[in-house]
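The values are calculated or read from the model by the stated rules, or taken from the named source; none is laboratory data. These figures come from a predicted structure and were not determined experimentally. Reconstructed Cβ throughout: ideal geometry from the backbone, glycine too, with neighbour counts over all protein chains shown.
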Amino acid sequence: MPKVKTNRVKYPEGWELIEPTLRELQGKMREAENDPHDGKRKCETLWPIFKIAHQKSRYIFDLYHRRREISKELFEFCLDQGYADRNIIAKWKKPGYERLCCLRCIQPRDHNFQTTCVCRVPKHLREEKVIECVHCGCKGCASGD
Ligand SMILES: [Zn+2]
Ligand SMILES: [Zn+2]
């Protein structure tokens with residue numbers, strides 16, 4: 001007797017168009033998570049994971065909000081299934097946060113001296129020319145940069 005799948009996910013229309021990209025990014029994510037960490041600072045091992053999570057959310061965000069190539073249903077589906085981060089997408093819609101790298105970089109309690117991460121400071125206001133924030137390795141994500 002065939003097994004009955006009880007929790008079968010129903011994929012909205014258009015899913016097959018975005019599935020390959022999402023699968024590829026999921027695969028990269030798994031690779032990054034399993035990557036041997038020797039020789040790297042602890043925070044650095046998380047950077048590739050942040051980067052891929054960012055890419056996934058950005059992909060879904062662009063498809064829905066900019067290119068309008070996917071339906072709201074599919075967009076919501078991706079958020080519900082964890083393919084994209086609802087919270088960071090909500091930020092990207094706000095002026096000044098269009099390029100935000102990750103949510104940690106705007107959490108005041110995560111920064112010792114300032115209220116925001118160095119990567120959120122526009123280039124012309126920074127003293128250092130080349131930066132890498134400790135949270136996600138971001139090299140600058142202020143809107144005007
Ligand atoms: Zn940043
Ligand atoms: Zn960040």
Discussion item. As an exercise: evaluate residue 67 against (1) basic (Lys, Arg); (2) within 19 Å of the chain's Cα centre (by Cα); (3) surrounded by fewer than 11 Cβ atoms within 10 Å (Cβ to Cβ); (4) within 15 Å of ligand 2 (Cβ to nearest atom) and give the number of the one condition it does not meet.
Written reply: (4)
Worksheet item: residue 84: among the hydrophobic types (A, V, I, L, M, F, W, C), more than 15 Å from ligand 1 (Cβ to nearest atom) and under 10 Å from the mean Cα position of the chain (by Cα), yes or no?
Response: yes
Worksheet item: residue 56 is checked against (1) at pLDDT below 95; (2) in contact with a helix residue (DSSP H, G or I) (Cβ under 6 Å, 6 or more places away or on another chain); (3) buried (at least 16 other Cβ atoms within 10 Å of the Cβ) and fails just one. What number does that condition carry?
Response: (1)
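Per-residue answers, yes or no, for (1) at pLDDT 95 or above; (2) out of contact with any Leu (no Cβ under 8 Å at 6 or more places or on another chain); (3) on the phi > 0 side of the Ramachandran plot:
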site: 2; (1), (2), (3): no, yes, no
site: 12; (1), (2), (3): yes, no, no
site: 18; (1), (2), (3): yes, no, no
site: 22; (1), (2), (3): yes, yes, no
site: 33; (1), (2), (3): no, yes, no
site: 68; (1), (2), (3): yes, yes, yes
site: 84; (1), (2), (3): yes, yes, no
site: 88; (1), (2), (3): yes, no, no
Discussion item. Return the pair list, or none, for Cβ contacts closer than 6 Å from residues in the stretch 28-45 that are farther than 21 Å from residue 105 by Cα to residues that are modelled with pLDDT of 85 or more, at least 6 apart or on different chains.
Written reply: 28/52; 37/45
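If I ask for residues that are polar (S, T, N, Q) and either in contact (Cβ under 8 Å) with a residue 40 or more places away in the chain or buried (at least 20 other Cβ atoms within 10 Å of the Cβ) (or both), which ones from the stretch 75-89 would you list?
Of all residues in the stretch 75-89, those polar (S, T, N, Q) come to 81, 87.
Residue satisfying the conditions is 81 alone.
Within the stretch 5-47, track down each residue that is of a type outside the set (D, E, K, R), closer than 26 Å to residue 70 by Cα and part of a loop (DSSP other than H, G, I, E, B).
7, 9, 11, 12, 14
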Worksheet entry | Any chance residue 134 is in a loop (DSSP other than H, G, I, E, B), among the β-branched types (Val, Ile, Thr) and crowded, with 17+ Cβ neighbours inside 10 Å | yes
